[in-house]
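The structure appears right after this line, and notes come after that.
The values are calculated or read from the model by the stated rules, or taken from the named source; none is laboratory data. Keep in mind the model is a prediction, meaning the values are calculated, not measured. Cβ atoms come from the backbone with ideal geometry, glycine included; neighbour counts cover every protein chain shown. These area figures cover heavy atoms from the full protein model, side chains too; ligands, DNA and RNA do not enter into them. Shrake-Rupley method; radii C 1.70, N 1.55, O 1.52, S 1.80 Å.
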Amino acid sequence: MIGFDEVTKRYPGGTVAVDRLSLTAPTGRITVLVGPSGCGKTTTLRMVNRMIEPTSGSITLDGRDTSRMKEAELRRGIGYVIQHAGLFPHRTVLDNIGTVPRLLGWDRRRTEARSRELMERVGLPDTLGRRYPAQLSGGQQQRVGVARALAADPPVMLMDEPFSAVDPVVREQLQDEFLRLQDELGKTIIFVTHDIDEAIKLGDQVAVLRVGGHLAQLADPAYLLAHPVDDFVADFVGRDRGYRALSFQPTPRLPLAAERTLTLGETTTGVGGDWVLVVDEENHPVGWVEPQRVHGEVTSTMLHRGGTLARSSGPLRAALDAALSSPSRRGVIVDDSGALVGTVRAHEVLTAIERAERPELADPLHPGAPVR
Amino acid sequence: MTWFADHVGEVLGLTAQHVYLAGLPLLIGLLIALPLGWLARRYRVLYAPFTVGTGLLYTIPSLALFILMPFIFGTRILDPVNVLIAMTIYTVALLVRTVADALGAVPDHVVQAARAMGYRRVKRFFAVELPLAVPVISAGLRVAAVSNVSIVSVAAIIGVPQLGLLFTDGFQRTFYDPIIVGIVACTVLALVFDLVILLATRLLTPWQRAAGGRA
Ligand SMILES: Nc1ncnc2c1ncn2[C@@H]1O[C@H](COP(=O)(O)OP(=O)(O)OP(=O)(O)O)[C@@H](O)[C@H]1O
Ligand SMILES: [Mg+2]
């Protein structure tokens, strides 16, 4: 657990970057700091490993005051990942990853074994071990950055916009892998981003900061989207927050319609109607065809693949998106194994949304806190 | 050029002296410039006085410096140590700014990452900052090497033997052969110094070639 107690940072020159911040980052959870540029996110993060010393207030790690610990030891016990990875350009991938273990006095062989293990963990092919950072793609560099931070298995990780320098597709991939990794490792993480979508996707709790270093709101993502505490937060979480909030609402039982299907390889002759759903041998939906337009056996090249699939156990957002994206306007719902269960229309999903409960008003992180 | 054929041994001896008088100060000067350059980076107030101050040293005419050495350090007038010290001063003059700027050019996010990993200051300097500064420092060192090879020859005037002696000798006798041989030898020497530094740099910075090899 990382605790901030009334922490203030005033830089020489008078800028107050962080203003009386009190915050707890619970053990094993991801706490995301989000806010506009210059609101003090990096400053807050760097005060944890004392790369920046607070002007006043105290920061504790599992109840121990960090200002009483030795700087270098403190830092070696905290993983740190930054934008552009901050890799050492003159060291190979393996040597970069092994940095902290070497500082801790591990021998070469143990360090290399550990580095190789981590490369595998973060999805880096073995063959990259002897390369230098300049010989890697941006996404690969970020993976090395994460592996390096994890090398000595620190309980705490600080991550400063680690995925913001890569393109959106790679970013999404890195985020998914990061969540999977965190499921296995259960680190206590403070994650900085200025991207509210990333905050909502990754955070167990999200702290929205405003310029001047004030904490505007601390809440779990669903609650934040449903109940922004003021105009600033409402503005920051964005216009389509109503839609995005559906990501956190489980799909209730929907009135599913049975769908007439064709299996790949079957002929369309004698089949009428507008759009027909095509499935493979295992009853997994693969796309739609218009029977009047195609003749003969259905092959996979004929398919319209625009529609998304929603799992019946997934969030409402996926169900609505399935209906909206389907060429037939019938959203395809599958079970956890990916097999077809039925289809649903957008208005039926909307009815379900209207009936669903909003996240309740009591702030789950601050029971008893006044709700404005 | 029968003169050269007759004096090969002598020219080689002078060349060896030249290497010693120009090369050793290069190493010593680098060792002195490293901590000075580091200090100039570390404490910003020192940057201007250090770089300007050492830079001014370079403007002292070499002949004056050679002649002044015995007075300042109490050495004997004809002692080659006078030349060694003077050349070291010139090297430092050229390298302090180079070292400071080279360290300053190490990307900040890399330095911050090193801090965050738990490197203490001294170890960080040797393990991260210095290796990354090598390419820039080496460029400065190459300039200093060529400059040293050229300046050292002036020491012939105060009677310290090296290739410069060929110039004074040829001048006194209005005989061009030794002068030409001296010029060629100096040029070759400068090229060899350059090459050695270049090779050493390549050995120290395998990562630089790797980066270039990607494109
Ligand atoms: N070393 C410094 N000296 C003086 N002021 C600083 C220093 N570092 C940051 N600041 C100021 O403190 C404020 C907060 O900076 P910080 O880097 O923490 O913001 P941030 O939220 O990380 O912003 P960004 O999203 O742009 O990275 C800014 O106004 C910044 O100008
Ligand atoms: Mg920042």
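Observations on the structure shown:
- Here residue A:300 sits with roughly 60 square angstrom of accessible surface, probe radius 1.4 Å.
- Exposure rank, largest accessible area first [A:47, A:1; 1.4 Å]: A:1, A:47
- Antiparallel DSSP beta bridges within the protein assembly as shown, as percent of all bridges there, nearest 5: 55 percent
- Degrees, to the nearest 10: B:108-117 long Cα axis against longest axis of chain B: 60 degrees
- Pairwise Cα inverse-distance average, inverted: Kirkwood Rh of segment A:247-287 (Å): 12.4 Å
- Counting only lysines at least 8 places from residue A:201 when in the same chain, those with an alpha carbon closer than 30 Å to its own are A:9, A:41, A:187.
- Most to least accessible of B:150, A:328 (protein chains only, probe 1.4 Å): B:150, A:328
- Extents of segment A:185-273, taken as max minus min of Cα coordinates on every principal axis and listed largest first, are 69, 35, 23 Å.
- Based on the convex hull around the alpha carbon atoms, the protein assembly as shown presents an average projected area of 40.4 nm².
- When you work out D = kT/(6 pi eta Rh) for segment A:261-361 at 37 °C and 0.692 mPa s, using the Kirkwood radius from C-alpha pairs as Rh and the Stokes-Einstein form, the result is 230 µm²/s.
- Amide H partners (placed H, <5 Å) of residue A:8, local residues excluded: A:20, A:21, A:55, A:56, A:57
- The protein assembly as shown - mean residue ellipticity at 222 nm from DSSP helices (-39,500 (n - 2.57) per run, n ≥ 4, rounded to 500): -15500 deg cm²/dmol
- Contact order relative to length of chain B, as percent, for alpha carbon pairs under 8 angstrom and 6 or more apart: 26 percent
- For segment B:132-173, the spread of Cα coordinates along the three principal axes comes to 50, 14, 9 Å, biggest extent given first.
- Estimated FRET transfer efficiency (residue A:109, residue B:123; beta-carbon r; R0 30 Å; 0.05): 0.90
- Relative intensity, log₁₀ I(q)/I(0), of segment A:13-151 from a Debye sum that treats every alpha carbon as a point, q = 0.15, 0.16, 0.19, 0.20 Å⁻¹: -0.86, -0.94, -1.14, -1.20
- Of all DSSP bridge pairs formed entirely within segment A:2-239, close to 50 percent run antiparallel.
- Gyration tensor verdict on segment B:1-106 (Cα atoms; rounded if a/c is under 1.5, prolate if a/b is larger than b/c, oblate otherwise): prolate
- Between segment A:129-183 and segment A:21-43, the alpha-carbon center distance in angstrom: 19 Å
- Restriction of the chymotrypsin sites (Phe, Trp or Tyr not before Pro) in segment B:106-189 to DSSP coil positions whose beta-carbon has at most 14 other beta-carbons within 10 angstrom yields B:175.
- Relative to the dominant Cα principal axis of chain A, helix A:168-185 is inclined by about 70°.
- Two-decimal Rg/Rh across chain B, once Rg and the Kirkwood Rh are taken from alpha-carbon atoms: 1.06
- Shown are A:201, B:123, A:9, whose ranking by accessible area with a 1.4 Å probe and every protein chain present, most to least, is B:123, A:201, A:9.
- Cα gyration tensor, segment A:167-322 - rounded (a/c under 1.5), prolate or oblate: prolate
- Here residue B:31 sits with roughly 120 square angstrom of accessible surface, probe radius 1.4 Å.
- Loop-resident trypsin sites (Lys or Arg not before Pro) (DSSP state other than H, G, I, E or B) in segment A:41-104 with no more than 12 further Cβ atoms inside 10 Å of their Cβ: A:70.
- Straight-distance crosslink candidates among lysines, where the alpha carbon sits under 19 Å from residue B:123 and sequence neighbours closer than 8 are dropped: A:70
- Radius, Kirkwood style, for segment A:2-239 when every pair of distinct Cα atoms is counted (Å): 18.3 Å
- Loop GluC sites (Glu not before Pro), segment A:1-99, which have at most 16 other Cβ atoms in a 10 Å radius of their Cβ (DSSP): none
- Helix B:62-73 axis, angle to chain B major axis (alpha carbon atoms, nearest 10°): 80 degrees
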